[in-house]
1. Are any residues in the stretch 147-176 in contact (Cβ under 8 Å) with a residue 40 or more places away in the chain and either out of contact with any helix residue (DSSP H, G or I) (no Cβ under 9 Å at 6 or more places or on another chain) or of a type in the set (Gly, Ala, Ser) (or both), and if so, which ones?
2. Please enumerate the residues belonging to the stretch 121-141 that are assigned to a helix (DSSP H, G or I) and within 13 Å of the ligand (Cβ to nearest atom).
3. Filter the stretch 26-45 for residues that are closer than 24 Å to LYS93 by Cα and touching a Ser or Thr at 6+ places or on another chain (Cβ under 8 Å); which is surrounded by the fewest Cβ atoms within 10 Å (Cβ to Cβ)?
4. Do we find a residue being of a type in the set (Gly, Ala, Ser) and outside any helix (DSSP H, G or I) anywhere in the stretch 65-78?
5. Which residue pairs have Cβ atoms closer than 6 Å, lie 6 or more positions apart in sequence or on different chains, and pair a first residue in the stretch 187-208 that is over 17 Å from SER111 (Cβ atoms) with a second residue that is among the hydroxyl-bearing types (Ser, Thr, Tyr) and outside any strand (DSSP E or B)?
6. Spot the failing condition for PHE66; the list is (1) more than 12 Å from the ligand (Cβ to nearest atom); (2) over 16 Å from the mean Cα position of the chain (by Cα), and only one is missed.
7. If a residue has to be assigned to a helix (DSSP H, G or I), surrounded by fewer than 19 Cβ atoms within 10 Å (Cβ to Cβ) and more than 10 Å from the ligand (Cβ to nearest atom) to count, how many in the stretch 6-24 make the cut?
Amino acid sequence: MKENDISLYKNNHIIKNDERLGLFERLNEEYSIRRALYPGSYAHITPIFVFPEVVFNDMYKKLESFYDSDGLFEYVNKRKLYSEEPYYSYINKDFNKILPLEENSFDLLISQYAGFVSRACRRYLKAGGILVVNNSHGDASMASISSEYKFIAVINKHNNNFTYSTRNLDKYFIPKKNIKITEKYLEKHNHGVGYRKSATDYVFKRLS
Ligand SMILES: C[S@@+](CC[C@H](N)C(=O)[O-])C[C@H]1O[C@@H](n2cnc3c(N)ncnc32)[C@H](O)[C@@H]1O
């Protein structure tokens with residue numbers, strides 16, 4: 001295997017101890033997920049170790065050769081936690097534009113540090129499908145005010161362990177300051193809101 005082929009993943013995730021494997025493992029334990037969509041993925045390939053079909057998306061042309069390489073395919077085959085062959089692809093496009101994907105066809109939509117994925121790419125998620133989102137760019141806040149998503153769980157990371165919980169969900173998304181969270185507010189600030197109680201990641205279900 002050519003080390004170069006996986007260097008983007010190695011440098012950004014393995015060396016930095018930021019693979020987030022447990023995040024996807026917890027989701028896999030709780031929900032029936034086969035096909036995942038990851039807009040703004042950069043080189044974060046960890047979901048393909050857990051789910052057999054993943055579409056990655058970003059705006060960087062250079063990622064085409066990363067996702068295309070034989071070395072990456074070999075590496076994924078070594079790391080995958082399921083028996084079948086992995087099936088992944090990369091779309092080099094702004095996720096705010098229409099992506100060449102079927103609507104209502106994914107079991108999981110992944111939003112990690114990349115902007116308002118929950119809103120732009122909801123159309124590709126099946127009704128009843130799962131959104132996992134952090135709040136670094138305010139996207140969990142965006143999902144929390146959407147009538148098309150239901151907040152159903154949190155996932156927290158402690159000492160590199162990820163834990164799933166459905167307890168006390170009514171305690172989340174309460175701002176510390178007396179502000180009304182709207183789409184306009186989130187678009188203007190473009191980062192997470194300060195909440196009284198927060199989690200590493202939030203899990204939503206697409207309602208419609
Ligand atoms: C901070 S990186 C996060 C990468 C990865 N999600 C992770 O958690 O490690 C954000 C990525 O989102 C991509 N991104 C931001 N806005 C985008 C858009 N509108 N369409 C496609 N990719 C976008 C950027 O190009 C960048 O690679």
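The values are calculated or read from the model by the stated rules, or taken from the named source; none is laboratory data. Just so we're clear, the structure is a prediction, and the values are computed from it rather than from any experiment. Every residue, glycine among them, receives a Cβ derived from its backbone with ideal geometry; neighbour counts consider all protein chains shown.
1. SER147, LYS150, ALA153, ASN156
2. Taking the stretch 121-141 and keeping what is assigned to a helix (DSSP H, G or I), we get 122-124, 139-141.
Hit for the stretch 121-141 is ASP139, nothing else.
3. ARG35
4. Within the stretch 65-78 (the criterion being of a type in the set (Gly, Ala, Ser) and outside any helix (DSSP H, G or I)), the answer is yes, since at least one residue qualifies.
5. Going by the 6 Å Cβ cut-off, the qualifying pairs are LYS197/TYR172.
6. In the conditions (1) more than 12 Å from the ligand (Cβ to nearest atom); (2) over 16 Å from the mean Cα position of the chain (by Cα), PHE66 misses (1) alone.
7. 6
One line per residue, one yes/no per condition, for (1) under 19 Å from the mean Cα position of the chain (by Cα); (2) of a type in the set (Ser, Thr, Tyr); (3) at pLDDT 95 or above:
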site	(1), (2), (3)
ILE145	yes, no, yes
PHE151	yes, no, yes
ASN159	no, no, no
TYR164	yes, yes, yes
LYS177	no, no, no
ASN190	yes, no, no
GLY194	no, no, no
TYR202	yes, yes, yes
